[in-house]
Amino acid sequence: MTDWTITRATTELLDRETARRDGGRITDEWPELDLRTAYEIQDALLREKTAAGEKLVGVKLGLTSRAKQERMGISSPLTAWLTDAMSLSVGEPVKLDELIHPRVEPEIAFVMRERLAGPGATAATALASVGSVHAAFEVIDSRFSGFSFALPDVVADNASAARFVVAPGSLRPEALDLALEACLLEVDGEIVATATGAAVQGHPAEALALAANALSERGLAIEAGWIVLTGGLTDAVFVERGRTITARFGNLGTLSVTGA
């Protein structure tokens, strides 16, 4: 038997985030923790944050590459919550004294025009619900030491969500081929990775549809006006003080973040 509960796990993860400290895997002490319960912890974290005044503004997808899914033993992306407290303005630095060990990854972001609900969502119906497409960065910051976790750990930890920035410039989804949308990632002017939108589940709209269908199993949907971060196009790179990370997209423009 374990003395871990949803309440204890929620409190522990909130404490780690607030105190800027990492720790061991919950699953090491609670090996029975399953995905259903992990999502209950994730939702409990959101309730605590909204009770404290934060506003739910969207959803993020994690483990959107098929290679990562195979390694973790799943067949669709993870979902997690975005609140307004996580949002950075363009040009606003990533403040290292607020985080533990942040990493940043370039993403394609959607702003939803219509509510998207599963089950049965497809890439076509998902894309038809999108109002605009943007360049974005997500800053991830695991509350587990060394970013080392089992699948239920990272789900409970809201998929390592910490900060995000969405470029104001946008295109309508029909104005570009999202699978072919190229991204070049630079660190202090040096190219470190390249990718296209196909890195995200073959097409970002496929990931969006899978997220809507997964949320429907919990009685939830992707709401109109929400921001959706569709998943990292490249591996994440560490944020360091004074380091500038830039994503140059083929059609969506250029976006940079700097550690401070």
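The table below gives the values:
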{"read-out": "Criterion (of a type outside the set (Val, Ile, Thr) and under 25 Å from residue 19 (Cβ atoms)) met by exactly one of 101, 134", "value": "101"}
{"read-out": "Close pairs from segment 47-61: first closer than 17 Å to residue 156 by Cβ, partner surrounded by fewer than 16 Cβ atoms within 10 Å (Cβ to Cβ) and of a type in the set (Ser, Thr, Tyr), Cβ under 9 Å, at least 6 apart", "value": "48/11"}
{"read-out": "Tally of residues being more than 14 Å from residue 140 (Cβ to Cβ), among the aliphatic types (A, V, I, L, M) and either within 16 Å of the chain's Cα centre (by Cα) or not in a loop (DSSP other than H, G, I, E, B) (or both) across segment 97-122", "value": "5"}
{"read-out": "Test: residue in segment 190-202 that is modelled with pLDDT under 95, crowded, with 18+ Cβ neighbours inside 10 Å and not hydrophobic (A, V, I, L, M, F, W, C)", "value": "yes"}
{"read-out": "Contacts under 6 angstrom Cβ, first residue in segment 110-126 being β-branched (Val, Ile, Thr), partner outside any loop (DSSP other than H, G, I, E, B), 6 or more apart", "value": "111/131; 111/132; 111/227; 122/209"}
{"read-out": "Flag if residue 103 is touching an Asp or Glu at 6+ places or on another chain (Cβ under 7 Å), touching a residue at least 60 places away in the same chain (Cβ under 8 Å) and basic (Lys, Arg)", "value": "no"}
{"read-out": "Filter result for residue 33 (buried (at least 16 other Cβ atoms within 10 Å of the Cβ), of a type outside the set (D, E, K, R), closer than 15 Å to residue 86 by Cα and touching a residue at least 60 places away in the same chain (Cβ under 8 Å))", "value": "no"}
{"read-out": "Evaluation of residue 233 against (1) surrounded by 16 or more Cβ atoms within 10 Å (Cβ to Cβ); (2) farther than 20 Å from residue 257 by Cα; (3) of a type outside the set (S, T, N, Q) (one fails), failing number", "value": "(2)"}
{"read-out": "Contacts under 6 angstrom Cβ, first residue in segment 215-233 being charged (D, E, K, R), partner in a loop (DSSP other than H, G, I, E, B), 6 or more apart", "value": "223/115"}
{"read-out": "Segment 62-86, subset closer than 15 Å to residue 214 by Cα, β-branched (Val, Ile, Thr) and touching a strand residue (DSSP E or B) at 6+ places or on another chain (Cβ under 9 Å), residue surrounded by the most Cβ atoms within 10 Å (Cβ to Cβ)", "value": "64"}
{"read-out": "Candidates 129, 75, 89, filtered to the one that is polar (S, T, N, Q) and at pLDDT below 95", "value": "75"}
{"read-out": "Test set (1) farther than 24 Å from residue 22 by Cβ; (2) in contact with a Lys or Arg (Cβ under 8 Å, 6 or more places away or on another chain); (3) of a type outside the set (Val, Ile, Thr); (4) surrounded by fewer than 17 Cβ atoms within 10 Å (Cβ to Cβ) - residue 89 fails condition number", "value": "(2)"}
{"read-out": "Candidate set from segment 15-28 (those that are within 16 Å of residue 154 (Cβ to Cβ) and in a helix (DSSP H, G or I)); member that is farthest from the chain's Cα centre (by Cα)", "value": "28"}
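The values are calculated or read from the model by the stated rules, or taken from the named source; none is laboratory data. What you see is a predicted model, and the numbers here were worked out from it, not measured in a lab. Cβ atoms come from the backbone with ideal geometry, glycine included; neighbour counts cover every protein chain shown.
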